[in-house]
1. Restricting to region 27-48, what's the tally of residues that are touching a Leu at 6+ places or on another chain (Cβ under 8 Å), open to solvent by 40 Å² or more (accessible area, probe 1.4 Å) and either over 19 Å from Leu108 (Cβ atoms) or hydroxyl-bearing (Ser, Thr, Tyr) (or both)?
2. Mind telling me which of the residues Gly200, Gly156 ends up being of a type outside the set (Ser, Thr, Tyr), open to solvent by less than 70 Å² (accessible area, probe 1.4 Å), assigned to a loop (DSSP other than H, G, I, E, B) and within 30 Å of Leu35 (Cα to Cα)?
3. Restricting attention to region 81-137, and to residues there that are part of a helix (DSSP H, G or I) and acidic (Asp, Glu), which single residue is nearest to Cys155 (Cα to Cα)?
4. What are the residue pairs meeting all of these: first residue in region 91-117, first residue closer than 17 Å to Phe56 by Cβ, second residue among the aromatic types (Phe, Trp, Tyr) and modelled with pLDDT under 90, Cβ atoms under 8 Å, and 6 or more apart or on different chains?
Amino acid sequence: MTVGEALQELRNAQKASKGVSLYSRYINRPIGRVLAAVSYGLGLSPNQVTLISAAFSGTAVALVAAVRPSGGLALLVYALLVLGFAFDSADGQLARLRRESSAAGEWLDHVVDCAKITALHAAVLVSWYRFSDLPSDGWLLVPLGFQLAAVLIFCGGLLTDKLKPKPAPSAPAPAPSRLRAVALLPVDYGVFCVVFLLLGGQDAFRTAYTALFAVHAVFLCAFLVKWFRELSAVR
């Protein structure tokens, strides 16, 4: 199978778009699809693509923590985070293309995702402590709070998906809601990456990062109530 043929097959075998934001649906998944097709042509395994994703994201995290913020650093960090996110989409698509989906591969993917989320907020805390002229030390609690909210949203959603009964294989996929896709944009990791374009400006980045944390906190409360109700209905 050529790269072009692989790309066409991937277009015809996309996951359902229900519960997926516009960014993931129209930007991250298409980029990941191209990366998956190229990876297929290069003979890469899904786990290798997962590790490539980890390398891009890990480099971005290290730069945020170790290098003084600047406009150039902001662009580099954003590019690395976006590529890491796109390869994160590519590994699953490649696994489906190669018919190599496995419990170990899914485990590795989720472990890398959790590490990425946790480490990135920790890197922001380190950067603020080392390089920012904060109005008070209390601002260092913001990355900790954001980290908690992000991890709970990730783990809570993952557990809910695992614990809810699966629909019958023959059941038609529910139609995706565009309104829901727009509403989920503030908690999409790809939108979070955009905030790092402001990394070179202390006040701008701190304001945008804190505002997004507040939005995540609101969504977390709503998600927890929704997920608990859904699982309470399971018999």
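The values are calculated or read from the model by the stated rules, or taken from the named source; none is laboratory data. What you see is a predicted model, and the numbers here were worked out from it, not measured in a lab. A quick note on method: Cβ atoms are made from the backbone with ideal geometry, for glycine too, and the neighbour counts reach across all protein chains shown. When the accessible area is computed, the model is the full protein with side chains, heavy atoms only, and any ligands, DNA or RNA have been set aside. Shrake-Rupley method; radii C 1.70, N 1.55, O 1.52, S 1.80 Å.
1. Residues flagged as touching a Leu at 6+ places or on another chain (Cβ under 8 Å), open to solvent by 40 Å² or more (accessible area, probe 1.4 Å) and either over 19 Å from Leu108 (Cβ atoms) or hydroxyl-bearing (Ser, Thr, Tyr) (or both) within region 27-48 amount to 3.
2. Details: Gly156 fails: assigned to a loop (DSSP other than H, G, I, E, B).
Just one listed residue meets the conditions, Gly200.
3. Going through region 81-137, the residues part of a helix (DSSP H, G or I) turn out to be 81-97, 103-131, 137.
Okay, now just the ones that are also acidic (Asp, Glu), so 88, 91, 106, 109, 113, 137.
On the way: Asp88: 17, Asp91: 20, Glu106: 14, Asp109: 13, Asp113: 10, Asp137: 29 Å.
Here the residue is Asp113.
4. These pairs meet every condition: Leu94/Tyr40.
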